[in-house]
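Below is one structure, written out as structure tokens; comments come after it.
The values are calculated or read from the model by the stated rules, or taken from the named source; none is laboratory data. Note that the structure is predicted; figures quoted are calculated from it, not measured. Glycine also receives a Cβ, built like all others from the backbone with ideal geometry; neighbour counts cover every protein chain displayed.
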Amino acid sequence: MLSFAAALRDGGFEYRTEVLFKQVVPADQAVAEHLEIPIGSDVLFLRRVRSVSDRPVVCQESWSNLLVCPQLEEADFENESLFDAVERTSQKEIARSRMRYQSQIAGKDHADYLQCSPNEALLVLEQVIELSDGNCIEWSQTWLAPHQSVVGVSEQVDGSIGPLDISSVRQSEHVDASPTSAEIDSDQRTQLEFDLRHEALEVRRGIIELAHRYSSTPFHIGGACSVADIVSVLLSKVMQVGHRDCEWELRDRLILSKAHTSLALFPALLRAGMISQEDIDRGVFGPDAVLFKHPLRDPQRGFEISGGSLGMGLGYAAGLGLSLRRKDLPSRVFCILGDGECDEGSIWESAAFIGHNQLSNVTVIVDQNRMQLDGPCASILDTGSIARKFDAFGFESVEVDGHDVLALYDALKQQASRPRAIIAHTIKGKGLSFAENNVSFHDACVTDDLYEQALLDLKVAEEACSC
């Protein structure tokens, strides 16, 4: 979990906590669901701002479970951190958290708290925090001030300090040439969001064009569209692509384990310069094809692994990560899984290996669209919280909106001292009105009528993107 007070304290910074609001309130439905308590139960709502050298760093809003922390409301939160007060009143240790990044417009209130423009897009970190006995103790939202990266340290279960630093509080130069969206000014952030949304739109256009070319052949439209934003952000702004950004040996590797959605990969690789328009024009069937419905390994074109059987990609990513570390190469490995694919036992064998070996160069992205071939994932095989499972194997897990391109960018740019798992909450068939949340488009044909509807949907999305 992220402890902002610990980050500042352990970094030797003098900071001030101002409590803006503190009150015991009844839990509404959202709070009750996050804290797993009955609606109407007493919770402590806190809003506080932490500042360094009179500069606001974060605004934190939290709802705490008073059922397991009696008299928590009596704590002096300007002189005691909420984490410390929780452990003192519950007599239990804080053990773990589930995290999610998103970008939100500040609005008038948060603009006042953080001394920024109401139209500023801010990075917001949401956490649900648990005690060692499994009780949910806190649901919080932390709004980071403009030009502020994630300010905190990761406290692991053993209490040692984890991967996230506080470089932006120190106001040091960023080594990475591509900052998080919260570290750039408003105009740059607006342009970044426009660019990323445009990339995703063009990927969806490429999906529908190729599928319609073979209108009597079914393609995995739903999964390709749910993963479109992820591959767009990765290949356009996050990854070091060999033919474009760096020496070939130093390239980042992308493993599309759910290879049946390769229809999304083709236009993204085209825009990244890894494949050519001629490659696409040659089609995906027949003797002249160099691209295939289920890709064959072709690293020069961006296909690091052959695809087809689910559950194989993460093991391959583990091997790549270990090999790169032994060669002392800085490259990262990104592996995209489906949530239905997580039914496969080989996924968890690979996760155990990655966690055991602390392969921090491996980032897993789970496209959690909650559907698979036969229906809803929860009905086929309910795997529960995927984030908690990766946590248990030693990953740092983060949950994001898989269609919020800025939130994806920020989550994917982060690299930790542990492997990371990004749980991207997506919609199957996203962007196509006839395919969204429609399990029949797991594998379906794009007829002429559907093609025309798709073009209309893309036109509407393009107009919205330009606003």
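Kindly indicate whether Gly283 is of a type in the set (Gly, Ala, Ser), closer than 19 Å to Ile365 by Cα and at pLDDT below 95.
Numbers: of a type in the set (Gly, Ala, Ser): yes; closer than 19 Å to Ile365 by Cα: no; at pLDDT below 95: yes.
Taking the combined requirement at face value, the residue does not satisfy it.
Suppose we filter Glu341, Glu304 for residues that are within 26 Å of Thr383 (Cα to Cα), among the acidic types (Asp, Glu) and either surrounded by 17 or more Cβ atoms within 10 Å (Cβ to Cβ) or in contact with a strand residue (DSSP E or B) (Cβ under 9 Å, 6 or more places away or on another chain) (or both); which single one remains?
Numbers: Glu304 fails: within 26 Å of Thr383 (Cα to Cα).
After ruling out the rest, the residue left standing is Glu341.
Of the residues that make up segment 20-40, is at least one over 30 Å from Asp133 (Cβ atoms) and not small (Gly, Ala, Ser)? So that I can check it myself, show each step before the final result.
Let us first name the residues in segment 20-40 that are over 30 Å from Asp133 (Cβ atoms), namely 20.
In the following step, the residues that additionally are not small (Gly, Ala, Ser) were identified as 20.
Looking through segment 20-40, at least one residue is over 30 Å from Asp133 (Cβ atoms) and not small (Gly, Ala, Ser).
Among Asp391, Asp404, which is the only one that is more than 13 Å from the chain's Cα centre (by Cα) and buried (at least 18 other Cβ atoms within 10 Å of the Cβ)? Break it down stepwise before answering.
Values: Asp404 fails: more than 13 Å from the chain's Cα centre (by Cα).
Sole residue among the options that is more than 13 Å from the chain's Cα centre (by Cα) and buried (at least 18 other Cβ atoms within 10 Å of the Cβ): Asp391.
Which pairs turn up if I take residues in segment 13-42 that are in contact (Cβ under 8 Å) with a residue 40 or more places away in the chain and look for partners that are acidic (Asp, Glu) with beta carbon separation below 6 Å, at least 6 apart in sequence or on another chain?
Thr17/Glu78; Val19/Glu78; Val24/Asp42; Val24/Glu73
Does Asp195 qualify as being charged (D, E, K, R) and modelled with pLDDT under 90? Working first, answer last.
Working: charged (D, E, K, R): yes; modelled with pLDDT under 90: no.
Judged against the criteria, Asp195 is not a match.
Scan segment 421-467 for residues that are within 23 Å of the chain's Cα centre (by Cα) and of a type in the set (Ser, Thr, Tyr) and report the count.
The qualifying residues number 1.
Checking Ser385 against (1) among the small types (Gly, Ala, Ser); (2) closer than 15 Å to Ala228 by Cα; (3) modelled with pLDDT under 95: exactly one of these is not met. Which one?
Only one criterion is unmet by Ser385, namely (2).
Examine segment 286-298 for a residue that is of a type in the set (D, E, K, R), surrounded by 18 or more Cβ atoms within 10 Å (Cβ to Cβ) and either modelled with pLDDT of 95 or more or not in a helix (DSSP H, G or I) (or both), and state whether such a residue exists. Full working, then the answer.
Kept after step one, since they are of a type in the set (D, E, K, R), are these residues of segment 286-298: 288, 293, 297-298.
Adding the requirement that they be surrounded by 18 or more Cβ atoms within 10 Å (Cβ to Cβ) leaves 293.
Filter once more, so that each one left must be either modelled with pLDDT of 95 or more or not in a helix (DSSP H, G or I) (or both): 293.
Within segment 286-298, one or more residues are of a type in the set (D, E, K, R), surrounded by 18 or more Cβ atoms within 10 Å (Cβ to Cβ) and either modelled with pLDDT of 95 or more or not in a helix (DSSP H, G or I) (or both).
Residues are listed down the side, and each one gets a yes or a no for (1) over 19 Å from the mean Cα position of the chain (by Cα); (2) at pLDDT below 85; (3) assigned to a loop (DSSP other than H, G, I, E, B); (4) not charged (D, E, K, R):
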| position | (1), (2), (3), (4) |
| --- | --- |
| His174 | yes, yes, yes, yes |
| Ser178 | no, yes, yes, yes |
| Ala182 | no, yes, no, yes |
| Asp187 | yes, yes, no, no |
| Thr190 | yes, no, no, yes |
| Ala200 | no, no, no, yes |
| Ile208 | yes, no, no, yes |
| Ser232 | no, no, no, yes |
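Tell me which of these Gly307 doesn't satisfy, since it passes every other one: (1) within 22 Å of the chain's Cα centre (by Cα); (2) in contact (Cβ under 8 Å) with a residue 24 or more places away in the chain.
(1)
Among the numbered criteria (1) aliphatic (A, V, I, L, M); (2) more than 17 Å from Ser41 (Cβ to Cβ); (3) in contact (Cβ under 8 Å) with a residue 24 or more places away in the chain, which one does Ile105 miss?
With respect to (1) aliphatic (A, V, I, L, M); (2) more than 17 Å from Ser41 (Cβ to Cβ); (3) in contact (Cβ under 8 Å) with a residue 24 or more places away in the chain, Ile105 is out only on (3).
Six or more apart or on different chains, Cβ atoms under 6 Å: show the pairs whose first residue is in segment 269-289 and of a type in the set (Gly, Ala, Ser) and whose second is not in a loop (DSSP other than H, G, I, E, B).
Filtered contacts from segment 269-289: Ala272/Leu235.
Kindly indicate whether any position in segment 427-447 is over 16 Å from Ala224 (Cα atoms) and surrounded by fewer than 15 Cβ atoms within 10 Å (Cβ to Cβ). It would help to see each step written out before you state the result.
Initial filter on segment 427-447 (over 16 Å from Ala224 (Cα atoms)): 447.
In the following step, the residues that additionally are surrounded by fewer than 15 Cβ atoms within 10 Å (Cβ to Cβ) were identified as 447.
Checked segment 427-447: at least one residue is over 16 Å from Ala224 (Cα atoms) and surrounded by fewer than 15 Cβ atoms within 10 Å (Cβ to Cβ).
Which residue pairs have Cβ atoms under 6 Å apart, sit 6 or more places apart or on different chains, and have a first residue in segment 238-252 that is over 10 Å from Arg332 (Cβ atoms) and β-branched (Val, Ile, Thr) and a second that is surrounded by 14 or more Cβ atoms within 10 Å (Cβ to Cβ) and at pLDDT 90 or above?
Val241/Ala272
Residues checked against (1) closer than 20 Å to Ile255 by Cα; (2) in a helix (DSSP H, G or I):
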position	(1), (2)
Gln358	yes, no
Ile365	yes, no
Ala378	no, yes
Asp382	no, no
Ala387	yes, yes
Leu408	yes, yes
Ser417	no, no
Ala424	yes, no
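For segment 63-81, what are the residues that are buried (at least 16 other Cβ atoms within 10 Å of the Cβ), over 15 Å from Asn135 (Cα atoms) and without any contact (Cβ under 8 Å) to a residue 60 or more places away in the chain?
Of everything in segment 63-81, those that are buried (at least 16 other Cβ atoms within 10 Å of the Cβ), over 15 Å from Asn135 (Cα atoms) and without any contact (Cβ under 8 Å) to a residue 60 or more places away in the chain turn out to be Leu72, Glu73, Ala75.
If we keep just the residues of segment 221-258 that are surrounded by fewer than 24 Cβ atoms within 10 Å (Cβ to Cβ) and of a type in the set (Gly, Ala, Ser), which is farthest from Gly431 (Cα to Cα)?
Filtering first and then ranking leaves Gly242.
If a residue has to be assigned to a loop (DSSP other than H, G, I, E, B) and closer than 14 Å to Ala421 by Cα to count, how many in segment 311-340 make the cut?
2
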